[in-house]
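The values are calculated or read from the model by the stated rules, or taken from the named source; none is laboratory data. Predicted, not measured: the structure shown is a model, and the values here were computed from it. As a convention, Cβ positions derive from the backbone with ideal geometry for all residues, glycine included, and neighbour counts pool all protein chains shown.
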Amino acid sequence: MRTLVFIPAWNEEDSVANVIADVRESLPEADLLVIDDGSTDGTMARSREAGALVASLPFNQGLGAALQTGYLYALREGYEACAHLDADGQHPPREVARLLEEIYGDRADLVIGSRYRDPGKAESDDYKPTLSRRIGTGVFRFFLTLATRQRFTDTTSGMRAANRRVMALFSEHYSPDFAEIESLQLAVREGLRVEELPVRMLERTGGSSFLTPLRSAFFIFKGMIVLLVGQFRPRHPEASER
Amino acid sequence: MNALLLRAASESPKVHLTSQTRIIAAVLALAFMGLVLELIRRDKLQERFSVVWFVAGLGMLVGAAFPGLLTLVADAMGVRDTNVALFSIVLLFLLGLALNFSVTMSRQAAQITRLAQERALEKASAQARSGENGSKAKSESLES
């Protein structure tokens, strides 16, 4: 199957080249697209040097818009499967290959890589989150499970694989503000098969988390409003049937 | 009809507006509409966004000319104090306008995002094509 792997990157010049090399090694069949979200550093140059195709947004538009660019490209260029992972090096491409297997086998429309191996635990063996992140994770898990009636452990995971039905949906309807969580709610509401797969994640090799306690609180509050509003959005059956 | 207009134009005992404040209000309303006109003339304001401000300026002018109208409106709203009626109307008007601007901004933000995405994809497609041709020099000259 023709597969596109895309990597949203915003000022990730330290790690993006390594990620590209890793993806090439683990997924040699897949085409590679880096979506440069208005970086002001050398992200675009490093990606091109590493031999990746680069879609460069002229100014920073946020993760949601960057991911949507990837889905749009995959849809238009006729790819049958696509996957994305973060540019900071915490997502091993070997694990992305496992997500794609689920798409190839048509066992799901959208597969999420979850860093929590044991769904009952907030921590896994290789991953120790901060307190504010643990609280946020717990709140989002609870509300997303309530909204979708499906169990999710890693609601903000940026490692996903998808088929064409998801590309069609996400390239038209994708929240620019709250991409990760709202997209899960949206996909479940549209009747798509969303599956979570436990994966191994690493410490980030570059960049830093944007979460401070105050931002986390605001993030959580915003997320709850987004989920609440999302429950009342109209459905788009025509988008996911294609 | 004339009698009604005259009654509306005369100083109303319920509205605490002296002739002096009415003149100031009228001058302010005219100056406001003049400012809107000037902004359009200098291409700083598009006509389609100016209509609502002209209506607001006219409303101010009418209010200054016929304070009795305000009493009628307040009575219709069931508000005893005409000042409260005035403030409520203005507040609701501004609230609606602010919401309208947020809606406009959201639409434009979505349009800008799609525009940025289209441009990014065009550049990626161009890079892909030049890569297929095997002319690396050409892609480099395109970038610069």
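Checking each residue in the stretch A:135-189 for being part of a helix (DSSP H, G or I), farther than 28 Å from B:Leu121 by Cα and touching an Asp or Glu at 6+ places or on another chain (Cβ under 8 Å) picks out only A:Thr137. Checked across the stretch A:85-98, the condition of being at pLDDT 85 or above and within 28 Å of A:Arg235 (Cβ to Cβ) holds for no residue. Of all the numbered requirements in (1) within 12 Å of another protein chain (Cβ to nearest Cβ); (2) at pLDDT below 90, B:Ala65 misses one, and that requirement is (1). Among the residues of the stretch B:81-90, is there at least one that is under 20 Å from B:Val36 (Cα atoms) and surrounded by 13 or more Cβ atoms within 10 Å (Cβ to Cβ)? Yes, because at least one residue in the stretch B:81-90 is under 20 Å from B:Val36 (Cα atoms) and surrounded by 13 or more Cβ atoms within 10 Å (Cβ to Cβ).
A:Asn18 passes every criterion in (1) more than 11 Å from every other protein chain (Cβ to nearest Cβ); (2) crowded, with 24+ Cβ neighbours inside 10 Å apart from (2).
Restricting attention to the stretch A:21-30, report how many residues are in contact with a strand residue (DSSP E or B) (Cβ under 8 Å, 6 or more places away or on another chain) and either buried (at least 23 other Cβ atoms within 10 Å of the Cβ) or in a helix (DSSP H, G or I) (or both). Can you show your working first?
Going through the stretch A:21-30, the residues in contact with a strand residue (DSSP E or B) (Cβ under 8 Å, 6 or more places away or on another chain) turn out to be A:23-24, A:27, A:29-30.
With either buried (at least 23 other Cβ atoms within 10 Å of the Cβ) or in a helix (DSSP H, G or I) (or both) added as a condition, the list becomes A:23-24, A:30.
Residues in the stretch A:21-30 being in contact with a strand residue (DSSP E or B) (Cβ under 8 Å, 6 or more places away or on another chain) and either buried (at least 23 other Cβ atoms within 10 Å of the Cβ) or in a helix (DSSP H, G or I) (or both): 3 in total.
Condition check for B:Gly134 on (1) within 14 Å of chain A (Cβ to nearest Cβ); (2) at pLDDT 90 or above: one failure, at (2). Here is a check on your reading of the model: is A:Gly78 more than 9 Å from chain B (Cβ to nearest Cβ), in a helix (DSSP H, G or I), in contact (Cβ under 8 Å) with a residue 12 or more places away in the chain and under 22 Å from A:Ser183 (Cα atoms)? In short, no.
Which of the residues spanning the stretch A:56-71 are facing chain B (nearest Cβ under 7 Å) and either in a loop (DSSP other than H, G, I, E, B) or of a type in the set (S, T, N, Q) (or both)?
Looking only at the stretch A:56-71, we keep the residues that are facing chain B (nearest Cβ under 7 Å), and these are A:56-59, A:61, A:65, A:68-69.
Within the stretch A:56-71, A:Ser56, A:Pro58, A:Phe59, A:Gln61, A:Gln68, A:Thr69 qualify.
When B:Ala31 is tested against (1) in a loop (DSSP other than H, G, I, E, B); (2) modelled with pLDDT of 90 or more, exactly one condition is not met: (1).
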